[in-house]
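What follows is a single structure, written as structure tokens, with notes after it.
Only the coordinates and a few stated rules stand behind these numbers; no lab work does. Everything numeric here is computed off the predicted structure, so don't read it as measured data. Counting neighbours? That spans all protein chains shown, and the Cβs are built from the backbone with ideal geometry, glycine included.
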């Protein structure tokens, strides 16, 4: 797809929220200028003028400033004439599809992903393991029924949809961070998912193999940041 409006994208590639926008940009094949925002130092006055909260991602689209990851991703999908990410015709069946995707994303973040950051910040390994079990149980009860027709992506789509754009950055972290040395996430998050939630598991594998999702992902970089987050939560630094 061609895009003639200049895009400046402020991001930190280790941030899963900013990663959402990276996925949308890659999937839509939009050209942009990327500017890295370093979390380890105070935000510059210039960046705070663009985003007073100092967060990423922020998109400058021509003369317009777009903030917040889900809004940025949806804006990008809406900025091109047509896209597979979000069907936009007035037909009722497409309205149903948009509603189903929205419900899927809302369910994931309110019922499942709520264990992600607490598991990292847990005060003990046992507490982290217990949160991992709760995550695992929530996947089985909440997400597995919503992915019965995945093939390989949400709703039987052969291409990524907004359901993947908004969840994939966390899925790839949850499946990989428990596998590194000194893991910042517990392996209990993944226990038996291949058997207990096979639709979710296959969907997650398809997501992680997709170049729009894994293209900018740096496992060691993310693991290092999350180890530091855990150490701070436990008062070790």
Percent of all Cα-Cα pairs per 5 Å bin for the chain, counting from 0 up to the last occupied bin, reads 1, 6, 13, 17, 18, 17, 13, 8, 4, 1, 0, 0
When averaged across all projection directions, what area in nm² does the alpha-carbon convex hull of the stretch 115-202 cover?
5.6 nm²
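Where does each of 5-17, 168-180 land if you order them by average Cβ count within 10 Å, highest first? It would help to have the intermediate numbers written out before the result.
Working: 5-17: 18.2, 168-180: 20.2.
Top to bottom by mean Cβ count within 10 Å: 168-180, 5-17.
Tell me, what does the Kirkwood hydrodynamic radius of the stretch 7-78 come to in angstroms if you use every pair of distinct C-alpha atoms? List each step's numbers first, then the result.
On the way: mean 1/r = 0.0828 Å⁻¹.
This gives a value of 12.1 Å.
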